[in-house]
1. In this structure, does GLU63 turn out to be buried (at least 16 other Cβ atoms within 10 Å of the Cβ) and either in contact (Cβ under 8 Å) with a residue 60 or more places away in the chain or out of contact with any strand residue (DSSP E or B) (no Cβ under 9 Å at 6 or more places or on another chain) (or both)?
2. Can you tell me which residues in the range 34-74 are within 19 Å of ARG151 (Cα to Cα) and among the β-branched types (Val, Ile, Thr)?
3. Across the range 185-211, what is the total count of residues that are open to solvent by 10 Å² or more (accessible area, probe 1.4 Å) and either within 20 Å of LEU2 (Cβ to Cβ) or of a type in the set (Lys, Arg) (or both)?
4. Going by the conditions given, is LEU187 more than 16 Å from ligand 1 (Cβ to nearest atom) and in contact with a helix residue (DSSP H, G or I) (Cβ under 9 Å, 6 or more places away or on another chain)?
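The values are calculated or read from the model by the stated rules, or taken from the named source; none is laboratory data. Predicted, not measured: the structure shown is a model, and the values here were computed from it. Note: ideal-geometry Cβ built from the backbone for every residue, glycine included; neighbour counts use all protein chains shown. In case anyone asks, the SASA skips ligands and DNA or RNA and just uses the protein heavy atoms, side chains included. Shrake-Rupley method; radii C 1.70, N 1.55, O 1.52, S 1.80 Å.
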Amino acid sequence: MLEANGLSAAYGPVKALAEVSLRVDEGDVMAVLGANGAGKTTLLRTLLGLLPAQAGHIRFLGEDITRLKPAERVRRGLVMVPEGRRVLTSLTVEENLLMGAYPRRDTPSVAELDAIYGRFSNLAQRRHMKAAVLSGGEQQMLAIGRAMMARPKLMMLDEPSLGLSPRLTAEVFALIASLNAEGIAILLVEQNAMLALEASRHALVLELGRTAFDGPSPALLRDDRVRRAYLGGSAPEDAPHHTPPEGVSP
Ligand SMILES: Nc1ncnc2c1ncn2[C@@H]1O[C@H](COP(=O)(O)OP(=O)(O)OP(=O)(O)O)[C@@H](O)[C@H]1O
Ligand SMILES: [Mg+2]
């Protein structure tokens, strides 16, 4: 449903993305991994059109969207949850949610807001409070809820677990899995490579703005180079046979 070919982008003289290609299919979960500064955020910003593509093409749902404005892409269902959440703390929870629907041509219904509140009880209880009162985890949920208000077909999330406790990280990952089960394709930038690989079908590894690996996540989990670089260790040898010592019953 999303296809990028030979995508390059730069900040002035700084080349941040060089000839990156990727494909996200309907129903897919794709992970984007890479060290700090590898170009992960730049890739998402370029796919959304916040940064112009210097070279390459982006197709979404069969159409070339390379030159479309970000709001046009959002309207087609390509939606991003930005790095650092970018919740507007001076607005209420509900105003933040409504902002997510802003690129749409129609007005969001009460039922749609209720559906979000049904999912996030903490947001429901605080709907008329300033987003500033929310915890980091609640702000992440609000950022995802806001993206849902845009009616995404593909949701791109930039490090949604950053700064969250393991328990909240697990909640965010469970939410991503349930959105995917409801038919939303996912493009996930994530610090925690192990979690990201377990949660995804495909993975793209960026190194200095270039593709270092592109393939099925299980293959990446077994790749020695990748394990050394991101997962801290080498691939497990063929599992040794553990024969219990004689006379010891399990
Ligand atoms: N606004 C900017 N102006 C100039 N250079 C930038 C800007 N944003 C990013 N860069 C540079 O572009 C490159 C890619 O940055 P990017 O933010 O895409 O990396 P990232 O993989 O998302 O890193 P992180 O894991 O730290 O979020 C880096 O060299 C970075 O210094
Ligand atoms: Mg980033």
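1. Against the criterion (buried (at least 16 other Cβ atoms within 10 Å of the Cβ) and either in contact (Cβ under 8 Å) with a residue 60 or more places away in the chain or out of contact with any strand residue (DSSP E or B) (no Cβ under 9 Å at 6 or more places or on another chain) (or both)), GLU63 does not qualify.
2. ILE65, VAL74
3. 6
4. Criteria not met by LEU187.
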